[in-house]
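The values are calculated or read from the model by the stated rules, or taken from the named source; none is laboratory data. Please read all numbers here as calculations on a predicted model, not as lab measurements. All Cβ positions, glycine included, derive from the backbone under ideal geometry; neighbour counts span all protein chains shown.
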Amino acid sequence: MAIGRRGVLAGGTALWVGGGGVGGPAILRAQSSSKVTVSHGFAMHGTPKYAADAGPPDYLNPNAPKGGTVRLGARGTFDSLHPFIVKSVPAAGITTTWDTLCWNSRDEASTEYGLIAETIEWPEDRSWVAFTLRPLARWHDGSPITVEDVIFTFDILKTKGSPNYAFYYQDVLKAEKAGERKVLFTFRGSSNRELPLILGQLPVLPAKWWASRDFEKVSLEIPLGSGPYRVDSFDVGRSIAYRRIEDWWAKDLWMNRGRSNFDVLRYEYYRDVTVQFEAFKAGDLDVRQENVARNWSTAYDIPSVRDGRIQRIEIPHELPTGMQCFAFNTRRDYFKDRRVREAIATMFDFAWSNKNLFYGLYRRNVSFFGNSELASSGLPTPAELKYLEPLRGKIPDEVFTKEFKLPESDGTGNVRDLARRALSLLKEAGWEVKDGKMTDTKTGKKLAFEMLLSDASFERVVLPYKQNLERLGIDMTVRTVDTAQFKRREDEFDYDMMVEGFGQSLSPGNEQRDFWGSASADTKGSRNTLGIKDAAIDSLIETLIAAPDRESLIAVTRALDRVLLWSHFVVPNWHNNKVFVAYWNRFGRPEKSARYAPFAFDTWWIDEAKDRALQRGDKK
């Protein structure tokens, strides 16, 4: 793209070459000799789709009416209104209290637009980024959001927040004031090209409010925020309600016209998923995103669905499905051998589960980046081999020679072929059956472990899996605990296996360090629940983070995917490329769904005519 000394890109993006733009602060001019872009938006690759102060995206209704109360369900419990520390079990919906520097586009890959930030500024080599704050940005008490607030937030999250923040920001050297409304983030180098996006996601917190409070302490004090809602009332562990801020400072920005339409969001907590479902059917909850295939197939044959008072929709999506799985804790000695992990994974009979439990609605996960162009398939391409060949001998040999495929059964429940394969792997690893129990031939220890669950609905999937393992003499006990206990044990790495999910974006980056990086394996509260410590994987992560363009990012992500898959760190579960939603027929919603946010309940509204009809008991 040819740009003159000072040019304008589509969408109103202004460019200053050499950092010498009119009025540019000296601190920024000194940071880089490359040309500097000042824009309302930032795209990881390419340019933003929307112009500055554009009209609302076509997946919003800018004329959506405001008003009404919506009742939503939440699982488990909560003990905090402070979601930024590892000790906290935060209340559902609490993040609606704070705004972020930027807003994530819902129909573009890895693109953000200024929210609290009016403009984003960066050099060609992306060695720093600066955000100029909107003068109208305000806290709920009417005071302005300041550069000092942004700097405080960055520093406190990096030093005292949940461990993931330290991993996300480890390549950011410092945050400093570069003008009355401008904050500058300087990076350790110029290889991590995603950092401007990561910092754009920063939830800004009020420095003055926290000055007299202990950031590391769990708190139920209603926080000072800046977002579209504030906490209105709560009953600890039972319910919480948020009330819309009528004079919210950002309500008229182009990306917010038609969002945050409900006056009150109320979350009711349930310890049991069955009770929560019954509450929805009884009309105590308004909306339900269904994630149990059996329910979707059989449990909605009720009068309120048949007569139209409850509506059901299936919304296709283009989001990466990530990896839901049964996760091995490789810190345990008996899970350190890849062959043992593969053998245990082999005995999960997905074909039978999909046929008998899931009504054929799901697909098996065969990638950590499924349902996207980032997923590996077949044998490595030349572009992928560029990153894999230097690691030959340090990663599984199968990466180079075999297409990754999970063993399959015929769905009848006959697992003899699976068992033969698993027994062969275990024998290679030094295990054999003695007195009916799988035994380590060197130590005499039995192969026994616990599967930790937080949702009783998983028991119907795990118990048949347990029976299959028992055929090999492997003893898997199943324990279901409440969400608070599950989180504590997860944070402390106190589990053998558990249900886990690794969500992925369209542009993987720093979070991969937290997922699989060696440095995070011993950091309690990190997302490296698998306990991975592997120099080859670390190398691929750093190469991914430094990918200079989309093509390179795709190739190295696929390479990483192959290594993770062939390492058998998990027992892959399943996914669905549709969102199942049921709701009482009192809502309006945009005609079009965003590509990467198909449900987007914050774009719905109360339709008064439908609501009145529902209250009257009118039927379709």
Query raised in the report: Quick check: is even one residue across the range 583-598 outside any helix (DSSP H, G or I), outside the structural domain of GLY308 (by TED's automatic domain parsing) and either surrounded by 22 or more Cβ atoms within 10 Å (Cβ to Cβ) or at pLDDT below 95 (or both)?
Result: no
- [ ] Would you check if ALA345 is crowded, with 20+ Cβ neighbours inside 10 Å and either of a type in the set (S, T, N, Q) or modelled with pLDDT of 95 or more (or both)?
- [x] yes
Filtering the range 305-328 down to residues that are under 14 Å from LYS578 (Cα atoms) and assigned to a loop (DSSP other than H, G, I, E, B) yields HIS317, GLU318, LEU319, PRO320, THR321
Here the residues within the range 235-249 that are assigned to a strand (DSSP E or B) and out of contact with any helix residue (DSSP H, G or I) (no Cβ under 7 Å at 6 or more places or on another chain) are ASP235, SER239, ILE240, ALA241, ARG243, ARG244
Condition set more than 30 Å from SER39 (Cα to Cα) and of a type in the set (S, T, N, Q), scope the range 76-121, selection nearest to the chain's Cα centre (by Cα): answer is SER88
Every listed condition ((1) at pLDDT below 95; (2) surrounded by fewer than 20 Cβ atoms within 10 Å (Cβ to Cβ); (3) among the hydroxyl-bearing types (Ser, Thr, Tyr)) holds for SER518 save (1)
Could you go through the range 36-55 and let me know if any residue there is touching a residue at least 12 places away in the same chain (Cβ under 8 Å), over 26 Å from PRO508 (Cα atoms) and among the aromatic types (Phe, Trp, Tyr).
no
Considering the range 283-315, residues that are basic (Lys, Arg) and more than 27 Å from LEU265 (Cα to Cα), and then whichever is surrounded by the most Cβ atoms within 10 Å (Cβ to Cβ), we arrive at ARG294
Matching residues in the range 404-435 (at positive phi and of a type in the set (Lys, Arg)) number 0
Heads up, the helices (runs of 4 or more DSSP H) in the range 339-451 (entirely inside) with at least 2 residues that are acidic (Asp, Glu) and out of contact with any Leu (no Cβ under 6 Å at 6 or more places or on another chain) are 416-428
Cβ pairs under 9 Å, 6+ apart or interchain, first in the range 472-486 and more than 25 Å from ASP435 (Cβ to Cβ), second modelled with pLDDT of 95 or more and among the hydroxyl-bearing types (Ser, Thr, Tyr), ordered by first then second residue, are PHE486/THR480; PHE486/TYR495
Scanning the range 276-301 residue by residue, those modelled with pLDDT of 95 or more, in a loop (DSSP other than H, G, I, E, B) and among the hydrophobic types (A, V, I, L, M, F, W, C) turn out to be ALA282, LEU285
Test: ASP99 is within 16 Å of ASP482 (Cβ to Cβ), acidic (Asp, Glu) and in contact (Cβ under 8 Å) with a residue 24 or more places away in the chain: no
The condition from (1) part of a helix (DSSP H, G or I); (2) in contact (Cβ under 8 Å) with a residue 12 or more places away in the chain; (3) surrounded by fewer than 22 Cβ atoms within 10 Å (Cβ to Cβ) that THR159 misses is numbered (2)
Counted residues in the range 196-222 being buried (at least 20 other Cβ atoms within 10 Å of the Cβ) and over 19 Å from the mean Cα position of the chain (by Cα) come to 3
Every listed condition ((1) among the aliphatic types (A, V, I, L, M); (2) over 18 Å from PHE350 (Cβ atoms); (3) surrounded by fewer than 18 Cβ atoms within 10 Å (Cβ to Cβ)) holds for ILE395 save (3)
message = Kindly evaluate SER507 against the criterion of being of a type outside the set (A, V, I, L, M, F, W, C) and modelled with pLDDT under 90.
response = yes
Being over 30 Å from LEU544 (Cβ atoms), of a type outside the set (A, V, I, L, M) and free of Cβ contacts under 8 Å to residues at least 12 places away in the same chain narrows GLU432, GLU408 down to just GLU432
Within the range 599-611, restricting to residues that are among the aromatic types (Phe, Trp, Tyr) and part of a loop (DSSP other than H, G, I, E, B), the one that is surrounded by the fewest Cβ atoms within 10 Å (Cβ to Cβ) is PHE599
**Asked** Does any residue of the range 56-72 turn out to be of a type in the set (Gly, Ala, Ser) and buried (at least 20 other Cβ atoms within 10 Å of the Cβ)?
**Response** yes
Review point. Is there a residue being crowded, with 17+ Cβ neighbours inside 10 Å and assigned to a loop (DSSP other than H, G, I, E, B) anywhere in the range 546-560?
Key: yes
Of the residues in the range 135-194 that are modelled with pLDDT of 95 or more and basic (Lys, Arg), the one that is nearest to the chain's Cα centre (by Cα) is LYS158
Among SER212, SER233, SER260, SER239, the single one that is over 24 Å from GLU112 (Cα atoms) and in contact (Cβ under 8 Å) with a residue 12 or more places away in the chain is SER239
